[in-house]
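Trainee: I have a structure I would like to understand better, so I am pasting it below and will then ask my questions one at a time.
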Amino acid sequence: MERSAQTTDGTSARFWDATVNGLGTAQRAVRHTVKPYPVRDLPDGRRLELPGRGTTYITESGPADAPTVFLLHGVSTSGILCWYPSIPALNKDFHVVTIDHRWHGRGIRSAEFSLDDCADDVVAVADQLGIDRFTVAGFSMGGGIAQLAWQRHHDRVGGLVLCSTGPFFSSIDPDRLAAEERLGKALKVVDKILPAPADERLDAWQGNHIRWAFAQMTSTNLGHQGEFAAAMSRFDSRPWLSEIDVPTAVVVSTRDKIVQPERQQLLVDGIPGARRFEVDGGHACCVLGAEDFIPPLVEAVGAVAGVESAR
């Protein structure tokens, strides 16, 4: 797709970039549904009431007495869809918990969306499950939420694994934010056409994998893109990165065009003792390129949690 000569001013260029990124996400989703990573060995999920907060959706797998790792998903997806390739590999050595963030999948339906609330939800889930201290692994937006979980709950987060993410997001640029908000308004039309998938379809991973993936993708309204971008624009961990005092691993996607490797490297440089792990992939490598993503992820989680895989 070629950029029009009419997009020479900064605002138009950013709207174009936001649109291209949105179309790129859709293209990756189509590629995933056409040739998905095998869906296998997934845990059953359940709704979980968080007192005073609302009802979310979680999965648990792996040995209950193993170190716990929370897997936090990226924007406009769900916990199980983002992490399904990695769960079977991780739950051999870890107690693995996924959560649908607010406004995503079957997550909490609140009046507003904020990454701070998402971070607090993680600890609220841990409280309900009786988990005191845990590792948090976050992908893209989930990486920002993971950082906030540490900042807001020092005594609960024992380690961080930050994947394809950075200390800030692109919508921190006001023009980029405005472009993504316009894109979100345009996508609200799509939401009116696509019906909300029933639980039966969302849980049917053992059936038609393409239908299951499509149901997971459409369980989050595309039209919320503007609100998601606004929430992400308020995130900037650079002022306190140097205060992070828990073992941290950064899984850098070296061909990432959404969160450039240079921005991911800021986490490695800014967090004392952070270790860098690399995956030869783009921004959707957790699913589209999962065969390359899983090995460094497992190594990174093991390094942070102090567990050497027996495999």
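The values are calculated or read from the model by the stated rules, or taken from the named source; none is laboratory data. Values in this document were obtained by computation on a predicted structure and should not be read as measured data. Every residue, glycine as well, gets a Cβ built from its backbone with ideal geometry; the counts of neighbours run over all protein chains shown. Each accessible area value is taken on the protein alone, full model and side chains, heavy atoms only, with ligands, DNA and RNA left out. Shrake-Rupley method; radii C 1.70, N 1.55, O 1.52, S 1.80 Å.
Trainee: Would you work out the charge dipole size for the chain about its Cα centre, treating the Cβ of every Lys and Arg as +1 and the Cβ of every Asp and Glu as -1, and quote it to the nearest 20 debye?
Mentor: Using Cβ point charges on Lys, Arg, Asp and Glu, the chain gives about 800 debye.
Trainee: Same structure, new question: Given segment 250-311 reduced to its alpha-carbon atoms as identical point scatterers, what log10 I(q)/I(0) does the Debye formula return at q = 0.13, 0.15, 0.24, 0.30 Å⁻¹?
Mentor: -0.34, -0.46, -1.00, -1.22
Trainee: Same structure again: Ratio of alpha-carbon Rg to the 2.2 N^0.38 Å globular estimate for segment 84-146, to two decimals, please.
Mentor: Cα Rg divided by the expected 2.2 N^0.38 Å: 1.15.
Trainee: So, in Å, what gap is there between the alpha-carbon centers of segment 78-129 and segment 156-198?
Mentor: 16 Å
Trainee: Let me ask something else. State to the nearest 20 debye the size of the charge dipole of segment 140-292 about its Cα centre, where the only charges are +1 on K and R beta carbons and -1 on D and E beta carbons.
Mentor: Roughly 320 debye for segment 140-292.
Trainee: Let me ask another. Identify all aspartates and glutamates with a Cα-Cα distance to K257 below 12 Å; exclude those on the same chain that are fewer than 8 residues away in sequence.
Mentor: D17
Trainee: OK, next. For segment 94-216, count the residues as N, evaluate 2.2 N^0.38 Å, and divide the Cα radius of gyration by that value, please. Before the final figure, lay out the partial values.
Mentor: On the way: Rg = 16.7 Å, N = 123, 2.2 N^0.38 = 13.7 Å.
Normalised Rg, Cα atoms only: 1.22.
Trainee: Please compute one quarter of the surface area of the Cα convex hull for segment 31-99 and express it in square nanometres. Let's see the in-between values first.
Mentor: Details: hull surface 21.9 nm².
That works out to 5.5 nm², a quarter of the Cα hull's surface.
Trainee: Hey, any idea what % of segment 135-257's accessible area is carbon plus sulfur with a 1.4 Å probe?
Mentor: 55 percent
Trainee: Enter the accessible area per residue of the chain (Å², integer; probe 1.4 Å; all protein chains in place).
Mentor: The answer is 43 Å² per residue.
Trainee: Related question: May I ask which residue of G289, L194, A137 lies farthest towards the positive end of the charge dipole of the chain, with charges of +1 (Lys, Arg) and -1 (Asp, Glu) on Cβ and the Cα centre as origin?
Mentor: Positive-end residue among those listed: L194.
Trainee: Net charge within 13 Å of S78 by Cβ-Cβ distance, Lys/Arg positive one each and Asp/Glu negative one each, not counting S78 itself?
Mentor: 0
Trainee: What is the mean projected area of the alpha carbon convex hull for segment 151-279, to one decimal in square nanometres?
Mentor: It is 10.3 nm².
Trainee: Between Q128 and Q265, what is the label-to-label distance in nm when each label sits 7 Å out along the Cα-to-Cβ direction?
Mentor: 4.2 nm
Trainee: Mind ranking 258-264, 42-48 by how tightly packed they are, going by the mean number of other C-beta atoms within 10 angstrom, highest first?
Mentor: Ranked from most to least packed, the peptides come out as 258-264, 42-48.
Trainee: Could I ask something else about it? Can you list the aspartates and glutamates whose alpha carbon sits under 14 Å from that of K188, skipping same-chain ones fewer than 8 residues off?
Mentor: E180, E227
Trainee: Roll a 1.4 Å probe over the protein heavy atoms and report the accessible area of M217 in Å², nearest 10.
Mentor: About 40 Å², rounded to the nearest 10.
Trainee: Next question, about the same structure. Positive end of the charge dipole of segment 25-157 (Lys, Arg +1 and Asp, Glu -1 on Cβ, about the Cα centre): tell me which of Y84, Q147, A64 has its Cα farthest that way.
Mentor: Y84
Trainee: Please give the calculated 222 nm ellipticity per residue for the chain, where each DSSP H segment of at least 4 residues contributes -39500 (n - 2.57) and the sum is spread over every residue; nearest 500 deg cm²/dmol?
Mentor: -13000 deg cm²/dmol
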